[in-house]
Structures are given as structure tokens and as C-alpha cells.
Amino acid sequence: QVQLVESGGGLVQSGGSLRLSCAASGSILRINAMDWYRQVPGKQRELVAGITSGGRLNYADSVKGRFTISRDSAKNTVYLQMNSLKPEDTDVYYCNAEIQYYSDSFTYSGDYWGQGTQVTVSS
């Protein structure tokens, strides 16, 4: 009933920029926190940035001053603007959201993940 679809990944040179998008769809009542994570195969998934429904922001120390998270609640979409990219930012980036939705007259809530989008930064 709920789906997160990411877009915007790709290959960029060091110092370049990319903008990731993650759109939620389905019978959505409310979206609470929306976050971006990243993960290299074989390593633990790392929180990159998060934004609450009230607009509170949270960033990993490694991306502060370079990445900006924002959301468009009307579109159920979260964005991650990534500037001054470094080779160590190379990862698969995942969107995560806490979503309340309805189905068959009942309300449900859950934690959902996107499929991931590859970001590669060349030196």
C-alpha cells in the first residue's frame, strides 16, 4: 500500500553536486520522520540526514555544511542536496520514512525503505 521511490543518483566528479529525491505514494495519512541513509556492501547502514514532520533537522558530522535535507509535505517527497561531494561519499543511498496509511478502513503505521540509488564520486 505504500511505496518509496528514489531518484537522482549517478556519477559525478569530486567537488560536484547531486540532488536525490524520494517520493512516497499510496494511501498515506501522515508521514513522520523522513531520513536518508547510505551503505557500502558489507558495512552498517549509516544515517546521513533526517527531517521530522516539524522540520527538525539532523546531519551526520561527515556531511554537515555540504548536504541539505528538505521535504515537500504536499508531495510526500524528501530531497537531499549534496554539494562538494567527495570520493568517500560513494555509496548506495536509501530513503526511509515512518508512514501512517489506511487500508480497508483501518489505519496502519510502519517504517519503509526505498530501493536505493547509487552515488559514485570520482577523484
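Data overview
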{"read-out": "Scope the range 47-71; condition surrounded by fewer than 16 Cβ atoms within 10 Å (Cβ to Cβ) and among the hydrophobic types (A, V, I, L, M, F, W, C); matching residues", "value": "LEU47, LEU57, ALA60"}
{"read-out": "Which listed residue is over 9 Å from the mean Cα position of the chain (by Cα), open to solvent by 50 Å² or more (accessible area, probe 1.4 Å) and over 14 Å from GLY114 (Cα atoms), from GLN44, GLN3", "value": "GLN44"}
{"read-out": "Top-ranked residue of the range 96-123 - restricted to ones that are acidic (Asp, Glu) and without any contact (Cβ under 8 Å) to a residue 24 or more places away in the chain, ranked as surrounded by the fewest Cβ atoms within 10 Å (Cβ to Cβ)", "value": "ASP104"}
{"read-out": "Which numbered condition LYS64 misses (of (1) among the charged types (D, E, K, R); (2) part of a loop (DSSP other than H, G, I, E, B); (3) closer than 20 Å to ALA24 by Cβ)", "value": "(3)"}
{"read-out": "Residue, farthest from ARG19 (Cα to Cα), within the range 61-88, restricted to residues that are more than 14 Å from the chain's Cα centre (by Cα) and of a type in the set (Asp, Glu)", "value": "ASP61"}
{"read-out": "So SER17, is it farther than 11 Å from TYR93 by Cα and loosely packed, with under 13 Cβ neighbours inside 10 Å", "value": "yes"}
{"read-out": "Flag for ALA33 being touching an Asp or Glu at 6+ places or on another chain (Cβ under 6 Å), of a type in the set (A, V, I, L, M, F, W, C), open to solvent by less than 50 Å² (accessible area, probe 1.4 Å) and more than 25 Å from GLY15 (Cβ to Cβ)", "value": "yes"}
{"read-out": "Pairs where the first residue, in the range 12-35, is on the phi > 0 side of the Ramachandran plot and the second is assigned to a loop (DSSP other than H, G, I, E, B), C-beta under 7 Å, 6+ apart", "value": "GLY15/SER84; GLY15/LEU85; GLY26/GLN1"}
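The values are calculated or read from the model by the stated rules, or taken from the named source; none is laboratory data. Predicted, not measured: the structure shown is a model, and the values here were computed from it. So basically every Cβ, Gly included, is an ideal-geometry build from the backbone, and we count neighbours across all protein chains shown. Note: areas computed on protein heavy atoms with side chains; ligands, DNA, RNA excluded. Shrake-Rupley method; radii C 1.70, N 1.55, O 1.52, S 1.80 Å.
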